[in-house]
Number of protein chains: 4
Amino acid sequence: MPDRYAYLGPEGTFTEVALRTLKPDTPADAFVPCSGVDTVFESVRRGEFTGGVVPLENSVEGGVTATIAELINGEPLLISAEVAVPVEFVLVGQANTELADVKHIATHSHAFAQCRGWLARHLPDAETHTISSTAAAAQAVAEPGSPYDAAICARVAAERYKLHVLATGVGDRADAATRFIYLRRPGALPEPTGADRTSLVAFLSNDHPGALVELLNQFAIRSVNLTRLESRPTGDGLGNYCFCLDADGHVAEARLGEALMGLRRICKDIRFLGSYPRDDAGTELTPFLPRRDTTNADFHEAELWLNRIRAGEAG
Amino acid sequence: MPDRYAYLGPEGTFTEVALRTLKPDTPADAFVPCSGVDTVFESVRRGEFTGGVVPLENSVEGGVTATIAELINGEPLLISAEVAVPVEFVLVGQANTELADVKHIATHSHAFAQCRGWLARHLPDAETHTISSTAAAAQAVAEPGSPYDAAICARVAAERYKLHVLATGVGDRADAATRFIYLRRPGALPEPTGADRTSLVAFLSNDHPGALVELLNQFAIRSVNLTRLESRPTGDGLGNYCFCLDADGHVAEARLGEALMGLRRICKDIRFLGSYPRDDAGTELTPFLPRRDTTNADFHEAELWLNRIRAGEAG
Amino acid sequence: MPDRYAYLGPEGTFTEVALRTLKPDTPADAFVPCSGVDTVFESVRRGEFTGGVVPLENSVEGGVTATIAELINGEPLLISAEVAVPVEFVLVGQANTELADVKHIATHSHAFAQCRGWLARHLPDAETHTISSTAAAAQAVAEPGSPYDAAICARVAAERYKLHVLATGVGDRADAATRFIYLRRPGALPEPTGADRTSLVAFLSNDHPGALVELLNQFAIRSVNLTRLESRPTGDGLGNYCFCLDADGHVAEARLGEALMGLRRICKDIRFLGSYPRDDAGTELTPFLPRRDTTNADFHEAELWLNRIRAGEAG
Amino acid sequence: MPDRYAYLGPEGTFTEVALRTLKPDTPADAFVPCSGVDTVFESVRRGEFTGGVVPLENSVEGGVTATIAELINGEPLLISAEVAVPVEFVLVGQANTELADVKHIATHSHAFAQCRGWLARHLPDAETHTISSTAAAAQAVAEPGSPYDAAICARVAAERYKLHVLATGVGDRADAATRFIYLRRPGALPEPTGADRTSLVAFLSNDHPGALVELLNQFAIRSVNLTRLESRPTGDGLGNYCFCLDADGHVAEARLGEALMGLRRICKDIRFLGSYPRDDAGTELTPFLPRRDTTNADFHEAELWLNRIRAGEAG
């Protein structure tokens, strides 16, 4: 059976762009849009697809709640790739529409939030209508007799629905980006590349001053850099959180392996979400440079030394 | 001019319940619903209202993105009170509706997410329709000829729209709660009560391993307990975060004052959001017990000692 | 060849008591006094003795400089046992001497320092004479025509030199004790007993604020308790120190092994001095209780978990 | 009454050199040698002298036990100056002595320890005799009919006893140095100079893993560099230590003041020993550069900010 991939639909969203970037040589009919983040997870869990793509975080809006909830709860899936997609919004309409004619604009509420400044400057009198996704907005505009003159969406949606681009760069943040993750069922991890990321969820054991410092120290003391730390409610009442972490490095590396074993010992629970190559497009992350004392070679040398002194040789 | 208060509308939401709890003896016409979180902030900033109430975090969904964005950016407002409201969902319909008749249910998407289990058990065949708020769903059901047979909403919405409660406890989490904050323009802080909370936003100076540990250590070393830590994107591209923190204690206390001065020195920027009495209803937080060595008296004694040794007396 | 043991002489010192305690069933002629700490080390290094005993620290005077210098420099020896000996001083004289007759007292300068209070109360007018060891003082008193009427020494010296005990408990500190170590050439370590101690010397890499905290954190984060920390000059000019450390636990334990590997990576140099059973006589150390998350079983479980997630199984 | 100063005698020791360096324009008869470190402390405590000088630590031998014991116990004195004196040993004899004639050498045991290499190379067959101080050795050599042909001592002793220098640089460490401190009764501290040192003794509250880390963190978190950390027994049985610390900075500085208040709160007891200008001669210490976020100006700015937010102004 050929590989098939689920993604958060409908067609024409940034998620589709992310999937195409991750699987560039795959025929389009292998990509299947799903109606929700939970549907993508569930269908991959059931083995209906080889893998699936969902958004994890946006540089303006932050973490995607539905994705994080699925990563934390339910049967575990592994993240085995990521891609950061620049979020470039365009304003689209039917072929005969002029910018000056636009009175009714449809788009997703997040897109509105990110285009508010442009709209105030260029279309201060237009009415805005919130719809379930930017692609659905484009689709609605493409229908005959649509109540909307224009949609704000990704460029790919304009192509799909054969719409005319009335304006580009309508987002207020030129550097906005969304990070997407590729999920699949547990199985052999991607090989370390030297510039990897590891994701996990940690549930703290007890709520004493310094419990979180203790957790972060497990990384700091081994010079493991954290690139994301996001608290999420566990669902068990206000004030109970777990922490979603992204760390530089691959679990196959000694530095990170030891840090994770440390977490395993001090946390009430810990869920490993995957180790995979970093995609630094659209980020301002500094290149990965492990400190002199935490390379695999350093760990190996220290282990040989420990073996020697345990054997009673002169240390 | 009598006091007037803004809140995130429409009428009949949990936010209205929160505001009534905070201002119990205030006539109902002093409460003004606003169409969005940003509208509440803006109208309070302009001085149109004495204060306003918005949700900050939900025990199932986590932080409310729109509220946090307004707290981080724009002209600062002060949080001067909080209230935790249990989220009890009810299923409501018109007077003649029976539970067995319900085929079409309207509610907000978050409410659906929190009632999925109950619906699967009791109304597995009903269709669900997403609407802008739980109160708007109730209002829609109340209209003659409504396409919806029932709504999931707060009990207060049933009363407001004169609807019949078909079922109670339809949320999957009996202990679900939402924390609301009361905002006003800068001015004298609430007096310390002995069980207070302080909220702030910290922007880290540089992205080195351990920068966050350094920040948290400023609290840990002075035995200040953190009750919430939430990273949010700064908007400047992926990988740039600031941290929203809640700490036990009042800024007027020496312990917290010194910790905040420490943050002020090591952070790129820091925004103080307020010190206000803790509302522990619906939370599992342990009562506040400062360690022996960090009471105001301990700080005072240490300061007297420092003055003595600085003056050259025997230490 | 029968086993022979070197110790810091002369005969009749507390060091001889220590060696007899460690090797209770050994004939007395197997114990050979040496004239200095360095002689004990050198003769054990050359293989002339099976092992040797020297004092490491005294509860009143602190670390023994000569011993620590030999442990830090020169060819490494292993500590494979320790014993804490109560330091009970007695005043001794010839058979016909009465306490009231004592005008000239001989002893070692450290012994004088520890008996000053008793002497002031009981023999305020006696002259004191400093001599190279307490046993040499006893020997001098035993000689015919000695210029000294009495010596302060260990009880064992009174027996050896056939002297009369004029007074007991002449030390100002009833709980004074000295810790002695048994040294031998590198070879198989003593088996872990569950209540062991590990000694080592750490040379810090660079002199930045927090370098020592970093070192201590390698222990703290793995709940390894330090029972002694003593800085010593490296000899390379003022301001350059190394640190002699005693830690609870045996190098064969995972908790301590990982901490030592951490030191090995961050230190300029580290010298392992041995793991051996604790002797808690005369100490106020609390019994050894590793934290729940740092037992060997905890480390083993965490390693199995790490292996599972590295293999791509659900974490 | 003119100022008079006590020092650890006899005349001709390095301590006299230290005192002359500290009080360069003082007539020689104002300097009074004392027979022991304790005598210097006691006579200064009783007000018989304006101040006194004793050695604190040597770059080869480490801390001077008698000095540290007096600093920790007894009535407190203040350190108000320090000086580092290079330890240059010379071999001296009477005018008619040739190096080749030297058969019997007298000196202090510490001096022997530091000259062992030179003696082995140049006078392998000479006998060595231990005497109470290097100056006493010189004095003994100067006496008619002395049993010693030569002494190892400071150059100043050769001058005082009119002896002939047979060889210079006989110490094995060219960079050896001793640090001396100037003590006086409590009173106004020396003014901050921008390159000061602060000395203190800390008694830890309880013996839990990490107690010492906690103490050191009070310095690290405020970027205060420690230049010396030395554990000393409290005298209350083996395993009970206090810690003698030297920190960069002056107690009048905010950074150090706050750190000391932190220690005051967490320690069982703390004794302030003084703030005084650093003497960096003979040390390898890097020049003092406080971090950007811990200058007095940084503390002042943070305090102003804290006052603003406590007053309810926008933070």
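Read-outs throughout are calculated quantities, based only on the coordinates presented, and are distinct from any laboratory measurement. In this text the structure is predicted, and so the values were computed from the model without any measurement. Glycine gets a Cβ as well: all are built from the backbone with ideal geometry, and neighbour counts include every protein chain shown.
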**Message:** Counting only other residues whose beta carbon sits under 14 Å from that of C:Arg45, what net charge do I get with K and R as +1, D and E as -1?
**Reply:** -2
**Request:** Give the chain A residue with the shortest beta-carbon distance to the rotation axis relating chain A to chain C, plus that distance as a whole number of Å.
**Result:** A:Ile221, 3
**Message:** List, shortest first and in nm to one decimal, how far the label point of B:Arg46 (7 Å from Cα along Cα→Cβ) is from its counterparts in the other copies.
**Reply:** 5.1, 8.5, 9.7
**Item:** chain A: most fluctuating residue of A:Ser132, A:Ser43, A:Ser59 per GNM, C-alpha cutoff 10 Å
**Value:** A:Ser132
**Prompt:** What residues have an amide H closer than 5 Å to that of B:Ile131, excluding those fewer than 5 places away on the same chain, when H is modeled at 1.01 Å from N in the peptide plane?
**Reply:** B:Thr107, B:His108, B:Ser109
**Message:** Between B:Glu75 and B:Ala100, what is 0.36 nm times their sequence separation minus the Cα-Cα distance? Round to one decimal in nm.
**Reply:** 3.9 nm
**Message:** Could you tell me how far the Cα centroid of segment A:103-174 sits from the Cα centroid of segment B:185-204, in Å?
**Reply:** 40 Å
**Complete:** Rounded to whole angstrom, the alpha-carbon centroid of segment B:1-19 lies from that of segment B:33-91 at a distance of 10 Å
**Item:** ³J(HN,Hα), Karplus 6.51/-1.76/1.60, whole Hz, each residue of segment D:242-253, x for Gly, Pro
**Value:** 10, 10, 8, 10, 10, 10, 5, x, 10, 4, 6, 6
**Across the identical copies, how the A:Asp236 labels are spaced - nm, sorted shortest first, 7 Å along Cα→Cβ** = 3.8, 4.0, 5.1
**Complete:** If the chain between C:Val165 and C:Leu304 were fully extended at 0.36 nm per residue, the gain over the current Cα-Cα distance would be 43.7 nm
**Message:** With an 8 Å Cα cut-off and a minimum separation of 6 or more residues, compute the relative contact order for segment D:190-315 in percent.
**Reply:** 35 percent
**Request:** Enter the mean number of other protein chain beta carbons within 10 Å of the beta carbon of each residue in B:221-231, as an integer.
**Result:** 6
**Asked** Suppose R0 equals 41 Å; then what is the FRET efficiency for C:Ala28 and C:Ser109 from their Cβ-Cβ distance, rounded to the nearest 0.05?
**Response** 0.90
**Per-pair calculated FRET efficiency, R0 = 22 Å: A:Phe203 and A:Asn296 via Cβ, rounded to 0.05** = 0.15
**Message:** Suppose you put the label 7 Å out from Cα in the Cβ direction; list, shortest first and in nm with one decimal, how far A:Pro147 is from each other copy's label.
**Reply:** 1.0, 11.7, 11.7
